[in-house]
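**Q** Here's a structure for you.
The values are calculated or read from the model by the stated rules, or taken from the named source; none is laboratory data. Bear in mind that the values here come from a model prediction, so they are computed numbers and not experimental data. Cβ sites come from the backbone with ideal geometry, for glycine too, and all protein chains shown count toward neighbours.
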Amino acid sequence: MLSVLNRISAIWLLLCCLVWPAQAQQATWSLRNTSNLTLHFETFDYQRGTWKQQVIYPNQTVNYSLSHGTSEGKFHINTQDRGFVEYRVEAGQSYTVGWDQQKGVWDLKFAHAARPDVNAQARSAQPQYSVYNASDSALTFETMDLARGTWRQQSLQSGESKNFTMSSGDVPGKIRIFTDGRGHVEYDVRNGWKYKVLWSQQKGVWDFMTVQKAGQSGQYSRQSGQQSEQECSNCRR
């Protein structure tokens, strides 16, 4: 009898050792409802491959888990008669959802880094470039890693800067953004360079501008007139 109990205890300890570390490594992102209403929205997990309905109560903060091995998901919320907004959400980040008076929709905003990003160290060793949203609006655009060969939707909140990794530092990637009724602009992007996205008064479109080349110094600015419309001087349409 004692031998059987010892075996059961050993199996239980083995299961705990396998399960607990996996749970500890599961990535999460947090969301706070800044409104005084209960909100319904949807989240998307890339491993699960389906949208899931969620509910968050007034002034509530909730942590949402991502599947093992993934570091990002999607957020989607509808506004009656106004369509929907959809954004990418990343592990370790904190967001708020509330009413945007200027847009007239329920919207998601980037708050701050809620906790250390579990994937930051791995990404820092990869070739990457950064993009800063110098506008007053949340923007969506697309990036392409030539090794992957497909366009991927990205988003930036107003004033947010984000790094985007590349498969190779020797081969440029691509970036593009659409303007309603005006088509899109598309450029090459290079490892170690910094860019910003903003509204070009001269062209009448959303556009990208080179802020800093690799090995040079540069500073992000919201004043688009400071650089005489020399957007993405390295870029080829």
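**Q** State which residue pairs qualify: first residue closer than 12 Å to Asp107 by Cβ and part of a loop (DSSP other than H, G, I, E, B) and inside region 79-90, second residue modelled with pLDDT of 85 or more and of a type outside the set (Asp, Glu) in any location, beta carbons under 7 Å apart, and separation of 6 or more residues or different chains.
**A** Once the first residue is closer than 12 Å to Asp107 by Cβ and part of a loop (DSSP other than H, G, I, E, B) and sits in region 79-90, its partners that are modelled with pLDDT of 85 or more and of a type outside the set (Asp, Glu) give Arg82/Gly104; Arg82/Val105.
**Q** Taking the condition surrounded by fewer than 20 Cβ atoms within 10 Å (Cβ to Cβ), among the acidic types (Asp, Glu) and either touching a Lys or Arg at 6+ places or on another chain (Cβ under 7 Å) or at pLDDT 95 or above (or both), does Glu160 pass? Quick ask: steps written out before the conclusion?
**A** Numbers: surrounded by fewer than 20 Cβ atoms within 10 Å (Cβ to Cβ): yes; among the acidic types (Asp, Glu): yes; either touching a Lys or Arg at 6+ places or on another chain (Cβ under 7 Å) or at pLDDT 95 or above (or both): no.
Answer is no for this residue.
**Q** Of all residues being out of contact with any helix residue (DSSP H, G or I) (no Cβ under 8 Å at 6 or more places or on another chain) and over 17 Å from Asn33 (Cα atoms) in region 85-108, which is surrounded by the most Cβ atoms within 10 Å (Cβ to Cβ)? Just the residue, please. Give the steps one after another, and end with the answer.
**A** Filtering region 85-108 down to residues out of contact with any helix residue (DSSP H, G or I) (no Cβ under 8 Å at 6 or more places or on another chain) leaves 85-91, 93-108.
Retained after the next criterion (residues that are over 17 Å from Asn33 (Cα atoms)): 88, 90-91, 102-103.
Values: Arg88: 17, Glu90: 18, Ala91: 21, Gln102: 8, Lys103: 13.
Filtering first and then ranking leaves Ala91.
**Q** Could I ask something else about it? Would you mention how many residues in region 56-78 are more than 18 Å from Ala138 (Cβ to Cβ), assigned to a strand (DSSP E or B) and either in contact with a Phe, Trp or Tyr (Cβ under 8 Å, 6 or more places away or on another chain) or touching a residue at least 60 places away in the same chain (Cβ under 8 Å) (or both)?
**A** The number of residues fulfilling the criteria is 3.
**Q** With respect to Gly181, is the statement that it is touching a residue at least 60 places away in the same chain (Cβ under 8 Å) and surrounded by fewer than 17 Cβ atoms within 10 Å (Cβ to Cβ) true? I'd like the intermediate steps shown before the answer.
**A** On the way: touching a residue at least 60 places away in the same chain (Cβ under 8 Å): no; surrounded by fewer than 17 Cβ atoms within 10 Å (Cβ to Cβ): yes.
When the stated conditions are applied, Gly181 does not pass them.
**Q** Here's another thing I want to ask about it. Using the structure shown, decide if Trp193 is modelled with pLDDT of 95 or more and on the phi < 0 side of the Ramachandran plot.
**A** no
**Q** What single numbered condition from (1) without any contact (Cβ under 8 Å) to a residue 60 or more places away in the chain; (2) under 19 Å from the mean Cα position of the chain (by Cα) fails to hold for Lys194?
**A** If we test Lys194 against (1) without any contact (Cβ under 8 Å) to a residue 60 or more places away in the chain; (2) under 19 Å from the mean Cα position of the chain (by Cα), just (1) comes out false.
**Q** Within region 129-139, track down each residue that is crowded, with 18+ Cβ neighbours inside 10 Å and either in a strand (DSSP E or B) or modelled with pLDDT under 85 (or both).
**A** Tyr129, Val131, Tyr132, Asn133, Leu139
**Q** Being crowded, with 16+ Cβ neighbours inside 10 Å and more than 15 Å from Trp99 (Cα to Cα) is the filter here, so list the residues in region 41-69 that pass it.
**A** The answer is Glu42, Thr43, Phe44, Asp45, Gln54, Tyr64, Leu66.
**Q** Answer yes or no as to whether Arg190 is buried (at least 17 other Cβ atoms within 10 Å of the Cβ) and of a type in the set (D, E, K, R).
**A** yes
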